[in-house]
Amino acid sequence: MKFGKEFVSQMVAEWEEAYMDYNSLKATLKHISKFRELNESAAMASTPKGSLKRRLTLYRAFSGLTSGQRGSPRKNEDEVILVRAEEGEGSEGLYQTMFLKPSEEGAEQDLVFFKKLDHEFNKVNNFYKKMVNAMIEEAEELSKQMNALIALRIKVDKVGFRNVASSGSSTSIPMNDHIYNARPGHSRVHMDVIHEIELSNERHLENGTGNYEKQTTSDEGFRPASVEILDRVKINMTALDSPISTIKGLLSSSKPDQSFSRKELTKAEEQISIALKEFYHKLRLLKSYSFLNLLAFSKIMKKYDKVSSRNASKDYLKMVDTSYVGSSDEVNRLMERVEHAFVKHFANGNHRKGMNTLRPTTKKERHRITFLLGLFTGCSIALIVALIVLIHARNILYSEGRTKYMDNIFPLYSLFGYLVLHMIMYSANVYFWRRYKINYSFIFGFKEGTELGYREVFLLSSGLAVLSLAAVLSNLDMEMDQRTKSFSAFTELVPLGLVIVLLLITFCPFNIIYKSSRFFLIRCAFHCICAPLYKVNLPENFLADQLTSQVQAYRSLEFYVCYYLWGNFKTRSNKCLQSDVYKAFYLIVAIIPFWIRCLQCFRRLLEERNTMHGLNGLKYISTIVALVMRTTNEFHRGIVWQILAATSSSIATIVNTYWDVVIDWGLLRRNSKNPWLREKLSVPNKSVYFAAMVLNVVLRLAWMQSVLGIREAPFLHRTALTALVACLEILRRGIWNFFRLENEHLNNVGNYRAFKSVPLPFNYEDEEEITVT
C-alpha cells in the first residue's frame, strides 16, 4: 500500500482536518517535477545535436536524475532553505521557511510548496501542543480523583488502613511528586499515581533548556493519604441515569448525606477505572497522531529532494525534530504512569491483565464468517427459488385456501421479513459507514473490538432468513385434512416456535452469537421502554428511531397473541378484527415507539435546556395524532375521518420531512460551498444527497395508501399490501440512518471530538489543589 493511502487509513477520523494535507503537498511536488521536465526538454530541443552545450545539458539532466534517485543531491546546493521560529508574546510558536534560491527559474513553485508546508506543520504542531496541554490538565484532575479514592478506601476498609499504617509503607499519592516545571513559572502534573515510597524517590524536573533530568528526594515528609480529604469532597452518586436515581432526584431536593459505604467505593472505583482507560486511549491516539505526521513530513521532504535534486530535507527535518511535536515526550511519560497506576490498583499487580485491559486487541476478520455468510446466503436464495417453484407447481395462488393463508399465516411470517430487511439495511449502513470513514463505533459507544461489521450483521440476517424460509416451506399446506377437518397442529405451531427460538437466542446468557452486542441491544431497548427514567444517550435515541419504523412488526406480535390464544390455529381462523380490545391495542402498540421518542425528547429538554428537543417532541406528537387518525379511519370509514386523517398526515409528513433533511441530515444549507447541501460531505457524488432527499419524501407518502382506501391491489392481498408499505418505511429508515450518522460524525470532526466524556466520582468543594500533609 502506498504511504498516502496508509496515512489516510490510520487517521483518527475526528481529527482529519488537523492532520498534514499530504496529498495537497504531493500534488504541488508533481507541478514542480513537470515544470523541471519541461524546462530540461526545452533546453535540449533548442540546442543543436552533437554540440558541446547539448552534451553538457544531457549530462546535467542525467546527473540530477540519478542523484535524486539515490537521495544525495548535488553538493553545490547544500544551502537551500533557512527555517526560523517566530517567537513573541502570545505567539503560538510559528515556523517559517525562507527559500534561499528565489532567483532560479521555476522558484515560484518551490515558494508555494514551502508556504504550504509551513502552514501544515504549524497546524500540526499547534494542535498537538493544545491537545497535550488538555491531557495534562486532565491528568491533574485524575490525580486528585485518585487521592480521594485512596482516602475513601482507607475510610471504608479500616483493617486495610491499620495494616498500611503498621507496615510503614504509603499508599498515598504524594502530590509533590506529581508536579514538575514544564515551563518557567508554570506547573504540570504527571500521572505518577499511588506508588509506594522507598528509600529514595525519583522525580523528573524540566530544566531551563526544556530537557528532563532526574532528581532524588528523600521520603521524609510523605505520609499516607489523609482521610480528611473526604471532608472537602462530594461523591457524585446522585446522577439521574437510572429509574431509582431519577425518581429520588425528583422527589428529594436536599443533598443526600455521604455514608462512605462500600457501595460508593465500588462505584467510584468503577468510574475511575473507566476514566483511566479512556484517558489512556486518548494518549494512544495522540501518540499515533504525532508519529504519523512526523513520518509524513519526512516522506514529503524526501520526495522534494528527489524531485528538485536539492538537499533541503536535512535542515527542515532538523527543525521538525526540535519542535514541540517532534521533541515533547510528555505523552509517553503520562502513558507510563497510567500503566503503573492501573496495573497496581485495578489489576491486582498483574501486568499482563492490566495491559490487556488498557490495550484491547484489535478485532480480526475470520474466514469462517465469510464461509458461513456465503453458505447462508446461498441457502436463502435456494429456498426462495424452491418456494417460487412450489407455488407455481401446486397452483397455490388460485387455491381455495389462499385467503385463509393470507389472513392468518402470512401476518405471522411477515414479522421475520421485517426483521431480516431491517438487518440487511443496517448491514448496508455499516458497510457504507466504513467505506466513507464514518466512525459509527465511537458514535454508538461500542467497546473497542466488540462492534459488529457488515459481514457479521449480514450473517445474522441471512441465518434468520434461512430459518424463516424453511419454516414457510414446511407450512405451505393449503388444504385441510379431510378426515379431521383441520391442519396439522405441528406445522401450524412452526411460526410460534420460531419466535420462541429467536427470543431464546436473543436472551441467551452464554457467550455465543455475539453476546456483548446482544446484551448491548437489550440494555438499550430496556432504557427505551423505561423512558424517561434513564438518561438518553445516542444509542437509545437511535434505537428508538428504528422502533418507530417497525410499527407493523408490533402489530404482528399482537396478532400472534390473538391468533394462538383466542383463535383456532388448527383451522386457520380468528376473530381478531371483530374484537374491540384487539382494535384498541392495535392502535396502542403503534403509538408506543413514537411516545418513547417523545418522552426522550422531553427528558433531554429538561436536562439540556435546549428548545430544539422540545420541538422534536412536538414533532412526534404530531405523528401520533396522524397515526391515530389513520388507524381510526381504517376501522370507521367516513368522509370526516378521511379528511382528518389526510390533514393530520400531511402536516406530520411536512414536519418530519423538514426535520429529517434540515436537522437530522444537516442539508439544505443555501449559503454553503455545496449549494443546498452542507459545507462538508462524506460522499463525493453530490447527486446522492439530492436523490436521498427525494426518496425520503416519496417513501414518507406511503401513508396515502390507507387514507385513499386502497386496501387491495389487483395482484396483491390486503395483508401483502400492508407488508409492502411497511417494507418501504424500513427502506426509508435505512437511508435515513446513513445520513444521520454522517451528520453526527461531521459534527464530531468539526469539534475534533474523538473521545467520550467520562463522569468522575468526586467533586472538590474548592478549586485549590489539596496537598497531603
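The values are calculated or read from the model by the stated rules, or taken from the named source; none is laboratory data. These numbers come from a predicted model, not from an experiment. When we count neighbours, we look across all protein chains shown, and the Cβ atoms used for this are built from the backbone with ideal geometry, even at glycine. In case anyone asks, the SASA skips ligands and DNA or RNA and just uses the protein heavy atoms, side chains included. Shrake-Rupley method; radii C 1.70, N 1.55, O 1.52, S 1.80 Å.
Structure notes:
Listed here are the residues, each with its yes/no results for (1) out of contact with any Ser or Thr (no Cβ under 8 Å at 6 or more places or on another chain); (2) modelled with pLDDT under 90.
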position: 282; (1), (2): yes, no
position: 285; (1), (2): yes, no
position: 289; (1), (2): yes, no
position: 294; (1), (2): yes, no
position: 305; (1), (2): no, yes
position: 309; (1), (2): no, yes
position: 314; (1), (2): yes, yes
position: 321; (1), (2): no, no
position: 334; (1), (2): yes, no
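- Residue count for region 360-380, restricted to those that are of a type in the set (Ser, Thr, Tyr) and modelled with pLDDT of 90 or more: 3
- Looking across 589, 662, one residue alone is assigned to a helix (DSSP H, G or I), in contact with a strand residue (DSSP E or B) (Cβ under 9 Å, 6 or more places away or on another chain) and either open to solvent by less than 40 Å² (accessible area, probe 1.4 Å) or more than 22 Å from residue 528 (Cα to Cα) (or both). It is 662.
- Taking every residue in region 1-17 that is over 23 Å from residue 753 (Cα atoms) and pairing it with any residue that is surrounded by 11 or more Cβ atoms within 10 Å (Cβ to Cβ) and of a type outside the set (A, V, I, L, M), at least 6 positions away or on another chain, the pairs with Cβ-Cβ distances below 9 Å are 3/22; 3/299; 4/22; 4/23; 4/26; 4/299.
- Which numbered condition residue 648 fails, given (1) under 30 Å from residue 13 (Cβ atoms); (2) part of a helix (DSSP H, G or I): (1)
- Looking only at region 328-358, residues that are closer than 22 Å to residue 446 by Cα and part of a loop (DSSP other than H, G, I, E, B) come to 0 in all.
- Filter pass, residue 421 being touching a residue at least 40 places away in the same chain (Cβ under 8 Å) and within 36 Å of the chain's Cα centre (by Cα): yes
- Residue match in region 486-493 (condition: assigned to a helix (DSSP H, G or I) and at pLDDT 90 or above): no
- If you go through region 759-773 and keep only what is modelled with pLDDT of 80 or more and assigned to a loop (DSSP other than H, G, I, E, B), you end up with 759, 760, 761.
- Just one of (1) touching a residue at least 12 places away in the same chain (Cβ under 8 Å); (2) part of a helix (DSSP H, G or I) fails for residue 447. It is (2).
- Of all residues in region 692-704, those that are open to solvent by 50 Å² or more (accessible area, probe 1.4 Å) have Cβ atoms under 9 Å from Cβ atoms of residues that are β-branched (Val, Ile, Thr), 6 or more apart or on another chain, in 695/735; 697/653; 697/657; 697/661; 701/653; 704/710.
- Some residue of region 301-314 being among the aromatic types (Phe, Trp, Tyr), touching a strand residue (DSSP E or B) at 6+ places or on another chain (Cβ under 7 Å) and assigned to a helix (DSSP H, G or I): no
- You will find that of 346, 342, 376, the residue that is farther than 23 Å from residue 135 by Cβ and buried (at least 17 other Cβ atoms within 10 Å of the Cβ) is 376 and no other.
- Selected residue [out of contact with any helix residue (DSSP H, G or I) (no Cβ under 8 Å at 6 or more places or on another chain) and of a type in the set (Lys, Arg)] from 523, 572, 518, 555: 523
- Test result for residue 361, part of a helix (DSSP H, G or I), hydroxyl-bearing (Ser, Thr, Tyr) and either in contact with a Pro (Cβ under 8 Å, 6 or more places away or on another chain) or touching a residue at least 24 places away in the same chain (Cβ under 8 Å) (or both): no
So that you can scan it fast, the table gives a plain yes or no per residue for (1) touching a Cys at 6+ places or on another chain (Cβ under 7 Å); (2) not in a helix (DSSP H, G or I):
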| site | (1), (2) |
| --- | --- |
| 536 | no, yes |
| 543 | yes, no |
| 561 | no, no |
| 594 | no, no |
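- Check on residue 160, on the phi > 0 side of the Ramachandran plot and either surrounded by fewer than 14 Cβ atoms within 10 Å (Cβ to Cβ) or modelled with pLDDT under 80 (or both): no
- Of all residues in region 520-534, those that are closer than 21 Å to residue 605 by Cβ have Cβ atoms under 7 Å from Cβ atoms of residues that are small (Gly, Ala, Ser) and modelled with pLDDT of 95 or more, 6 or more apart or on another chain, in 528/544.
- Residue selection: residue 325 satisfies the criterion of being part of a helix (DSSP H, G or I) and touching a residue at least 60 places away in the same chain (Cβ under 8 Å).
- The single condition among (1) among the polar types (S, T, N, Q); (2) at pLDDT below 95; (3) out of contact with any strand residue (DSSP E or B) (no Cβ under 8 Å at 6 or more places or on another chain) that residue 546 does not meet is (2).
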